[in-house]
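Laboratory data are not the source of any read-out in this text; all were calculated from the coordinates shown. Everything quoted here is computed from the prediction, not taken from an experiment. Heads up, the Cβs are rebuilt from the backbone with ideal geometry, glycines too, and the neighbour counts pull from every protein chain shown.
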Amino acid sequence: MKILVLNGGSSSQKSCLYELNNVLPDRPLQPLWEAQIDWTHQQGIAELKVKTAKDDRLEDEFASDSREDAISRMLESLWRGKTQTINDLKEIDIVGHRVVHGGEDYQQSTLISADVKQAIARLSVFAPVHNPVNLEGIEAIEKNLGNVPQVAVFDTAFHAQLPPAAFVYPGPYEWLENGIRRYGFHGISHQYCARRAADILGQDLADLRLISCHLGNGCSLAAIRGGWSVDTTMGFTPLEGLMMGSRSGSIDPGILIHLLKQSDLTAEKLDGILNRNSGLKGISGVSSDLRQIGDAIVQGNQRAQLALDIYIHRLRAGIGAMLASLGGLDALIFTAGVGENSALVRAAACEAFGFIGLKLDGEKNQQSPLDRDIAAVDSAVRILVIHTQEDWEIARECWKLYH
Ligand code: ADP
């Protein structure tokens with residue numbers, strides 16, 4: 001069974017092709033073909049990179065504003081040229097899409113119909129950057145592959161079991177009636193990491209209490225019990241919670257009232273400040289990339305040091321909150337760009353939790369081993385670094401719907 005996965009971001013589009021047979025493997029398979037389009041470097045120019053399992057590679061650049069056209073071009077590299085992997089797009093059995101917002105209606109992966117498309121469009125008011133992009137991906141596949149079954153895998157679904165105390169905001173009750181509640185995000189990644197953690201530990205996921213720290217450009221934590229998220233730091237939007245690359249995370253809402261009263265700030269400007277010019281970038285003035293913050297700290301940049309200090313302070317506070325929601329902890333998981341690569345962030349986060357018997361093995365931590373336990377032998381809590389594989393998780397969800 002050939003499964004194509006599409007994962008669309010605000011200015012990127014990733015895709016990969018997996019081949020699965022009748023038995024679902026425990027561990028991720030290598031994709032037969034993977035491609036990525038990046039629009040970030042030059043206005044109106046798409047940069048395409050393709051790689052196959054045989055290590056054939058393609059790099060191309062073309063003028064494009066339309067995601068649909070760019071996806072068509074990307075799909076061409078599947079069936080012709082030096083990265084050709086299949087003879088015809090008709091060989092693809094099913095297409096899975098990461099869809100950021102499924103609202104309250106979609107609590108599990110769902111076969112896409114006209115109704116589901118309408119719902120994804122309707123939920124764009126809650127996820128204005130992502131849902132429209134996801135919809136364009138679905139339509140591009142309709143154009144290129146006709147009636148192939150398509151599946152929406154929602155980033156919010158893993159958090160569908162949050163208890164009301166965790167998902168209802170203590171504003172007026174009407175907020176809840178109007179869909180203003182915590183949804184949580186990064187669910188596909190948290191779900192993959194939870195299962196992989198159980199696999200690494202050789203235990204049943206249902207018996208584990210886990211905290212998953214997804215630390216990438218966007219950052220969120222999930223408290224996981226019985227295989228489901230029971231608390232998470234992101235909320236109504238992916239802006240709440242931890243300090244992130246360029247997002248503020250949680251701040252006193254009184255600051256927003258103050259700013260709106262004192263100046264000519266519009267909603268657009270506030271959006272720009274909080275989503276694109278805050279976090280590590282806003283405080284350091286250097287970059288949203290932790291590697292550059294690290295370099296600036298070495299050169300004595302005090303604002304970069306402050307940015308890192310706040311990041312760690314808030315990460316520890318978030319882990320503490322998740323710990324309280326779980327009432328205990330079997331394993332702490334680090335994943336995504338920062339979580340997988342920054343020994344410093346992992347060590348600083350763990351240092352605060354020595355009092356629960358959590359103890360890092362400093363040497364293992366420095367080696368940044370992926371999919372390994374980096375806790376000291378006598379630690380009361382396991383500490384895992386897991387390479388997140390959202391695309392594999394999406395392929396798995398597609399497979400499960402058809403078996
Ligand atoms: P996204 O959330 O966009 O999927 P990633 O999970 O790829 O992002 O994480 C990107 C971030 O990971 C970068 O901004 C960078 O700060 C961080 N990162 C990547 N490699 C390292 C590293 N070696 N050390 C510290 N941070 C890193």
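Worth pointing out:
- For Asp93, neighbours were defined as the other residues whose beta-carbon sits under 12 Å from its Cβ, and their charges (Lys and Arg +1, Asp and Glu -1) total 0.
- Cα gyration tensor shape for the stretch 1-136, rounded if a/c is under 1.5, else prolate or oblate: oblate
- For Ala375, nonlocal amide neighbours, meaning residues 5 or more places apart or on other chains whose placed amide H falls under 5 Å from its own, are Asp361, Ile383.
- Sum of side-chain charges, Leu24 neighbourhood, beta-carbon under 9 Å (Lys, Arg +1; Asp, Glu -1): +1
- The residues neighbouring Ala198, those whose beta-carbon lies less than 13 Å from its own, together hold a net charge of -1 under the Lys/Arg +1, Asp/Glu -1 convention.
- Put in line by how crowded their Cβ is, counting other Cβ atoms within 10 Å and starting with the fewest, Met244, Met234, Met1 read Met1, Met244, Met234.
- What the Cβ-Cβ distance of Asp252 and Val168 gives, at R0 = 22 Å and to the nearest 0.05, is a FRET efficiency of 0.65.
- For Asn301, distant residues with modelled amide H under 5 Å away: none
- Charge dipole magnitude, Cβ of K and R +1, D and E -1 - the chain, Cα centre, debye nearest 20: 560
- Each residue of the stretch 65-81 is assigned a 3J(HN,Hα), and the resulting list reads 10, 9, 5, 4, 5, 5, 5, 4, 5, 4, 5, 4, 5, 7, 10, 8, x Hz, derived from the Karplus form 6.51 cos²θ - 1.76 cosθ + 1.60 (θ = phi - 60°), x at Gly and Pro.
- Across the stretch 381-396, coupling constants 3J(HN,Hα) worked out from phi with the 6.51/-1.76/1.60 Karplus curve, θ = phi - 60°, read 10, 7, 10, 10, 9, 10, 6, 5, 9, 5, 5, 5, 4, 5, 4, 4 Hz, and Gly and Pro carry x.
- Take the Kirkwood radius over Cα pairs of the stretch 204-342, plug it into Stokes-Einstein at 4 °C and 1.567 mPa s, and you get 81 µm²/s for translational diffusion.
- One chain, two ends: Gln43 and Asn277. Fully extended at 0.36 nm per residue, the span grows by 82.3 nm beyond their Cα-Cα distance.
- Among 61-73, 282-294, 263-275, the order from most to least packed when residues are scored by Cβ within 10 Å on average: 282-294, 61-73, 263-275
- Taking Tyr183, Tyr402, Tyr18, Tyr106 and counting other C-beta atoms within 10 Å, the order from fewest to most: Tyr402, Tyr106, Tyr18, Tyr183
- Contact order, relative form, for the chain: 14 percent (alpha carbon pairs under 8 Å, 6 or more residues apart, mean separation divided by residue count).
- Each residue of the stretch 275-283 was assigned a 3J(HN,Hα) from its phi angle through the Karplus curve 6.51 cos²θ - 1.76 cosθ + 1.60 (θ = phi - 60°); the sequence is 8, 10, 10, 10, x, 4, 5, x, 6 Hz, with glycine and proline shown as x.
- Efficiency of FRET between Leu32 and Gln108 - r from beta-carbon atoms, R0 22 angstrom, step 0.05: 0.25
- Cα-based shape type of the stretch 107-178, given that a ≥ b ≥ c are square roots of the gyration tensor eigenvalues and the cut on a/c is 1.5: prolate
- Amide H partners (placed H, <5 Å) of Ile112, local residues excluded: Gln150, Val151, Ala152
- Beta bridges per DSSP with both ends in the chain, % antiparallel, nearest 5: 70
- When the Cα gyration tensor is reduced to axis lengths a ≥ b ≥ c, the ratio a/c stays below 1.5 for the chain, which is therefore classed as rounded.
- When both the stretch 214-255 and the stretch 307-336 are represented by their alpha-carbon centers, they are found 11 Å apart.
- Were the residues from Ser72 through Glu139 laid out at 0.36 nm apart, the gain over their Cα-Cα distance would be 23.0 nm.
- Taking other Cβ atoms within 10 Å as a rough exposure proxy, Phe355, Phe334 sort from fewest to most as Phe355, Phe334.
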